[in-house]
Amino acid sequence: MNVLITGGAGFIGSHVAHALLSRGDSVVLIDDFNDRYDPRLKEARVANMFSDSPKLPVVVRGDILDQVLLEKTIQEHNIDSVIHLAAWASVQPSIERPRVYSDVNVTGTVSVLEAARKHGVKRIVAASSSSVYGGITDMPFREDMNIMHPISPYAATKGATELMCATWNHLYNIPTTCLRFFTVYGPWGRPEMAIFSFTKAILAGETIKMRGKNTMRDFTYIDDIVQGVIGALDNANGYHVYNIGESDGVPLPRMISALENAIGKKAIVAEVPLPAGDIPATLADITEAKKDFAYSPITSIEDGTKQFVAWYKQWHDNIFV
Ligand SMILES: NC(=O)c1ccc[n+]([C@@H]2O[C@H](COP(=O)([O-])OP(=O)(O)OC[C@H]3O[C@@H](n4cnc5c(N)ncnc54)[C@H](O)[C@@H]3O)[C@@H](O)[C@H]2O)c1
């Protein structure tokens, strides 16, 4: 395949690119390397991750809101598949800056869908999020639940991403799959996410802020996410939405114990309230992805945190964050 990955210098995008290159696909990344978090981490991913790949990705530095650039990229590289991951991620900053979330996550998705349908793209996979389940308290979350109750601007933009994908699929019939990712972690992760920032704080002897001891997350290891993205890409047909989680609800104290064991040091923990916009608990029902493309996540929080901490210790001098 000739695959365009939007947001390809991001956490998930760079891992998906690595896996596709390793199996022989051609990959073009488009990313604006913006400073929502330190862009040197994005540069470091691109510089370091592909050293063992049989070929390198083409890197296009630009904005998905630039329709002309997107169309030129798809044409020039004969793109047949699009994995659309570019977005402003994270719940809390979306409350501070809702306009940029709406511009990139909603209008940006429309740019990608328009460019794809004009230039003969044959399949699209797009990132949604477990955040779309909003205020729902029934567990586990199933894809057929009513998601019209988002509790943050970020969640609303991801619901809108799904609606745009469904609409373009209806109009132009390009097989399109939206994946609701559940709290992804692992090497080269995003620095503001709990497992990354807690590791940094524990090693430095600083206090970590636990947002509620009953808060539960379906933490999903990056290799399992990559398996889900590639399974969805290879089996795209019609329009589908799938949960891509580990399917293990981990209370925050269990995640912190796993990190303490992986690091070999006790954490200093302060409990703080869950902020507005954050969901108290997430847990994915992954029956549909299992059935349609044999998705089978295998990494427990205990194993995944060990792999993350090993990476962090090796790289923290070089990733600047
Ligand atoms: N990591 C998670 O836990 C998680 C959970 C649910 C959903 N998601 C979704 O998965 C996708 C990837 O997430 P991630 O964790 O890799 O985040 P990330 O921030 O590391 O990656 C997103 C990339 O998109 C790029 N980007 C943002 N705006 C752009 C624009 N206008 N033009 C071009 N590039 C742009 C960023 O520079 C970044 O490199 C996102 O859509 C996110 O909403 C992630």
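The values are calculated or read from the model by the stated rules, or taken from the named source; none is laboratory data. Being a predicted model, the structure only gives us computed values, none of them experimental. No Cβ is skipped: glycine too gets one built from the backbone with ideal geometry, and neighbour counts run over all protein chains shown.
Taking residue 182, is it touching a residue at least 60 places away in the same chain (Cβ under 8 Å), under 17 Å from residue 278 (Cα atoms) and not acidic (Asp, Glu)? For residue 182, the condition - touching a residue at least 60 places away in the same chain (Cβ under 8 Å), under 17 Å from residue 278 (Cα atoms) and not acidic (Asp, Glu) - is met. When you scan segment 71-87, do you find a residue that is of a type in the set (Ser, Thr, Tyr) and within 20 Å of the chain's Cα centre (by Cα), even just one? Yes. Would you call residue 95 farther than 19 Å from residue 246 by Cβ and either assigned to a helix (DSSP H, G or I) or of a type in the set (Ser, Thr, Tyr) (or both)? When the stated conditions are applied, residue 95 passes them. Quick check on residue 155: is it touching a helix residue (DSSP H, G or I) at 6+ places or on another chain (Cβ under 6 Å) and part of a helix (DSSP H, G or I)? Yes. Note on segment 1-55: residues that are in contact (Cβ under 8 Å) with a residue 60 or more places away in the chain and among the acidic types (Asp, Glu) amount to 1.
Okay, residues lined up against (1) touching a residue at least 12 places away in the same chain (Cβ under 8 Å); (2) part of a loop (DSSP other than H, G, I, E, B):
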{"position": "253", "(1), (2)": "yes, no"}
{"position": "270", "(1), (2)": "yes, no"}
{"position": "277", "(1), (2)": "yes, yes"}
{"position": "291", "(1), (2)": "no, no"}
{"position": "295", "(1), (2)": "yes, yes"}
{"position": "304", "(1), (2)": "yes, no"}
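Only a single criterion out of (1) in a helix (DSSP H, G or I); (2) at pLDDT below 95 is not satisfied by residue 214, namely (1).
Determine if segment 127-147 includes at least one residue that is of a type in the set (Lys, Arg) and crowded, with 21+ Cβ neighbours inside 10 Å.
no
Scanning segment 1-58 for residues that are aromatic (Phe, Trp, Tyr), within 12 Å of the ligand (Cβ to nearest atom) and in contact with a helix residue (DSSP H, G or I) (Cβ under 9 Å, 6 or more places away or on another chain) gives 11, 33.
If you go through segment 207-220 and keep only what is in contact with a Gly (Cβ under 7 Å, 6 or more places away or on another chain) and more than 11 Å from the ligand (Cβ to nearest atom), you end up with just 216.
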